[in-house]
Amino acid sequence: MNSLFVIRNDWSFEGDADGSIVLPPTDSSADLESGDDDDDDESQVEGFTRSYDYGSISLVWVKKIIGSAHMSYEELLALGERIGIVNPGLSEEMMSKGLIETIYCSSNQLLEEGTCVICLTQNPSWCLHILLLCALRGLVHQLWFSFCNMLFLTQNRRILQQGIDFKQIDREWHWDNFIILQAVMASVALLSFPFLENLPSWNTKGIMCCIVIHVGISEPLYYWFHRLLHTQYFFSHYHSLHHASIVTQPFTAGMATLLEHLMMGVIIGIPILGTCLYGHGSISLIYGYILVFDFLRCMGHSNVEIIPHVLFQIFPLLKYFLYTPTYHSLHHTEMNTNFCLFMPLYDSI
């Protein structure tokens, strides 16, 4: 049965003290036109009030006015003109502002629509970037390890001549766990900062911006965190694992506790995220910064001096901005010196 909203023009509506509209009593249904007496029970009038942004109006709900079989075409047209158009609903614009659409779908639908189920981003290529970075980071460590063990090339430039025992090999067997941990941290960062999914391939301004943030934030942050790790409690409970290797190798750089790896992930992420927030981030910057970071870490733990001393004679200030394997080797032998990340400037200060 069809239902209609009808306002009779012969009804009177009065507003009460608070400005609402008072409906007529429902027993006025006798005034409604009815086709037969059997339908009197269905022509009762019920009123209700709804409030909208433009005020309070009253609508009259008529269950059934009259059967179409008892009215001619002309009478139906006249009834339509008499009723008019009543549109008490919200506009489309107001409804669109108030509606929030939430879609729940299975993993198969996610794959079909181009959303990655691993990192849950709209750009699945970032999963490939993270996996590729993990592979490249492992390759950097492996190439440095292979180079350091080519004694026909490095024997005359080794800092400590003694070799590595089997206990150290066993202890550093899981050196690459930090790569997996920091890959998870990168995925969390993508979910927390969705704008990272739409970075350009290259941005020249980002290089200088990243260097400034690294020198101004990451370097001093690591320095003071490293000094904290050498206090009695933190050294005995955390940092002693890393310093168990007196003769270092590239894999020693990845040998640390969970706390140290988490902090290292934050130190790596600050320049990248900061540069992106400034609007100068790029995919090439992320690749370049992380791989250079790992390269310098491996170099410092390589136990092979590859930087010629004459370079510091030509550029005297370089000794404050770039450490050497010899410089970091002293940290592992003497413990309480040379705490910097890559820049001895903060040790000098």
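Can you tell me which residue among Pro220, Pro194 is out of contact with any His (no Cβ under 9 Å at 6 or more places or on another chain), under 21 Å from Tyr323 (Cβ atoms) and surrounded by fewer than 19 Cβ atoms within 10 Å (Cβ to Cβ)? First the steps, then the outcome.
Numbers: Pro194 fails: under 21 Å from Tyr323 (Cβ atoms).
Step by step, each of Pro220, Pro194 is checked, and only Pro220 is out of contact with any His (no Cβ under 9 Å at 6 or more places or on another chain), under 21 Å from Tyr323 (Cβ atoms) and surrounded by fewer than 19 Cβ atoms within 10 Å (Cβ to Cβ).
Give, as residue ranges, the helices (runs of 4 or more DSSP H) completely inside the stretch 65-167 that count at least 2 residues that are open to solvent by 90 Å² or more (accessible area, probe 1.4 Å) and modelled with pLDDT of 65 or more. Steps first, please.
On the way: elements: 73-83, 92-98, 107-112, 125-148, 151-154.
Of the helices (runs of 4 or more DSSP H) lying wholly inside the stretch 65-167, those with at least 2 residues that are open to solvent by 90 Å² or more (accessible area, probe 1.4 Å) and modelled with pLDDT of 65 or more span 73-83, 92-98, 125-148, 151-154.
What is the one condition in (1) closer than 30 Å to Ser125 by Cα; (2) not in a helix (DSSP H, G or I) that Asn336 does not satisfy?
So the condition that Asn336 fails would be (1).
Select from the stretch 300-322 the residues that are open to solvent by less than 70 Å² (accessible area, probe 1.4 Å) and either of a type in the set (Gly, Ala, Ser) or in contact with a helix residue (DSSP H, G or I) (Cβ under 6 Å, 6 or more places away or on another chain) (or both) and write down the one among them that is farthest from Ile130 (Cα to Cα). Working first, answer last.
Taking the stretch 300-322 first, the residues open to solvent by less than 70 Å² (accessible area, probe 1.4 Å) are 300-308, 311-312, 318, 322.
Checking which are either of a type in the set (Gly, Ala, Ser) or in contact with a helix residue (DSSP H, G or I) (Cβ under 6 Å, 6 or more places away or on another chain) (or both) leaves us with 300-302, 304-305, 312, 318.
Details: Gly300: 25, His301: 25, Ser302: 26, Val304: 30, Glu305: 32, Phe312: 37, Leu318: 33 Å.
Result: Phe312.
Under the condition of being in contact with a Cys (Cβ under 8 Å, 6 or more places away or on another chain), open to solvent by 10 Å² or more (accessible area, probe 1.4 Å) and in a helix (DSSP H, G or I), which residue from the stretch 268-285 is farthest from Met299 (Cα to Cα)? If you could, list the steps in order and put the result at the bottom.
Step one: list which residues in the stretch 268-285 are in contact with a Cys (Cβ under 8 Å, 6 or more places away or on another chain), which gives 271-272, 274-275, 278, 280, 285.
After this cut, where a residue has to be open to solvent by 10 Å² or more (accessible area, probe 1.4 Å) as well, the list is 272, 274, 278, 280, 285.
If we keep only those that are in a helix (DSSP H, G or I) too, we end up with 272, 274, 285.
Working: Ile272: 22, Gly274: 26, Leu285: 21 Å.
Once the filter is applied, the top-ranked residue is Gly274.
Met343 - would you say it is touching a residue at least 24 places away in the same chain (Cβ under 8 Å) and in contact with an Asp or Glu (Cβ under 8 Å, 6 or more places away or on another chain)? Steps first, please.
Values: touching a residue at least 24 places away in the same chain (Cβ under 8 Å): yes; in contact with an Asp or Glu (Cβ under 8 Å, 6 or more places away or on another chain): yes.
Criteria met by Met343.
On the given criteria, is Thr275 within 24 Å of Gln161 (Cβ to Cβ) and polar (S, T, N, Q)? Explain how you work it out, then say what you get.
On the way: within 24 Å of Gln161 (Cβ to Cβ): no; polar (S, T, N, Q): yes.
For Thr275, the condition - within 24 Å of Gln161 (Cβ to Cβ) and polar (S, T, N, Q) - is not met.
Before we move on, is Ala186 of a type in the set (Gly, Ala, Ser) and more than 27 Å from Leu132 (Cβ to Cβ)? Write out each step before concluding.
Details: of a type in the set (Gly, Ala, Ser): yes; more than 27 Å from Leu132 (Cβ to Cβ): no.
No; evaluated as a whole, the condition is false for this residue.
Could you identify the single residue in Thr248, Thr252 that is part of a loop (DSSP other than H, G, I, E, B) and buried (at least 20 other Cβ atoms within 10 Å of the Cβ)? Before the answer, list the steps.
Details: Thr252 fails: part of a loop (DSSP other than H, G, I, E, B).
From the options Thr248, Thr252, the qualifying one is Thr248.
Given Gly265, Gly288, which one is surrounded by fewer than 16 Cβ atoms within 10 Å (Cβ to Cβ) and of a type in the set (Gly, Ala, Ser)? Can you show your working first?
Working: Gly265 fails: surrounded by fewer than 16 Cβ atoms within 10 Å (Cβ to Cβ).
None of the other options fit; the residue is Gly288.
Looking at the structure I just gave you, is Thr204 at pLDDT below 95 and either surrounded by fewer than 19 Cβ atoms within 10 Å (Cβ to Cβ) or among the small types (Gly, Ala, Ser) (or both)? Spell out how you get there, then give the answer.
Details: at pLDDT below 95: yes; either surrounded by fewer than 19 Cβ atoms within 10 Å (Cβ to Cβ) or among the small types (Gly, Ala, Ser) (or both): yes.
The answer is yes for Thr204.
Cβ-Cβ distance below 6 Å, separation of 6 or more or different chains: which pairs start in the stretch 243-271 with a residue that is over 26 Å from Cys148 (Cβ atoms) and end on one that is open to solvent by less than 10 Å² (accessible area, probe 1.4 Å)?
What qualifies is Ile270/Ser218; Pro271/Cys210; Pro271/Ser218.
For Gln232, all conditions in the list (1) open to solvent by 20 Å² or more (accessible area, probe 1.4 Å); (2) among the polar types (S, T, N, Q); (3) touching a residue at least 24 places away in the same chain (Cβ under 8 Å) hold save one; what is the number of the exception?
Going through the list (1) open to solvent by 20 Å² or more (accessible area, probe 1.4 Å); (2) among the polar types (S, T, N, Q); (3) touching a residue at least 24 places away in the same chain (Cβ under 8 Å), Gln232 breaks only (3).
Just the residues that are without any contact (Cβ under 8 Å) to a residue 24 or more places away in the chain and under 12 Å from Ser245 (Cβ atoms), please, taken from the stretch 142-170.
Hits for the stretch 142-170 are Asp165, Lys167, Ile169, Asp170.
The values are calculated or read from the model by the stated rules, or taken from the named source; none is laboratory data. On a predicted model such as this, the values are computed, not experimentally measured, just so you know. Note: ideal-geometry Cβ built from the backbone for every residue, glycine included; neighbour counts use all protein chains shown. Ligands, DNA and RNA are stripped out before the accessible areas are found, and what is left, the full protein with its side chains, is counted by its heavy atoms. Shrake-Rupley method; radii C 1.70, N 1.55, O 1.52, S 1.80 Å.
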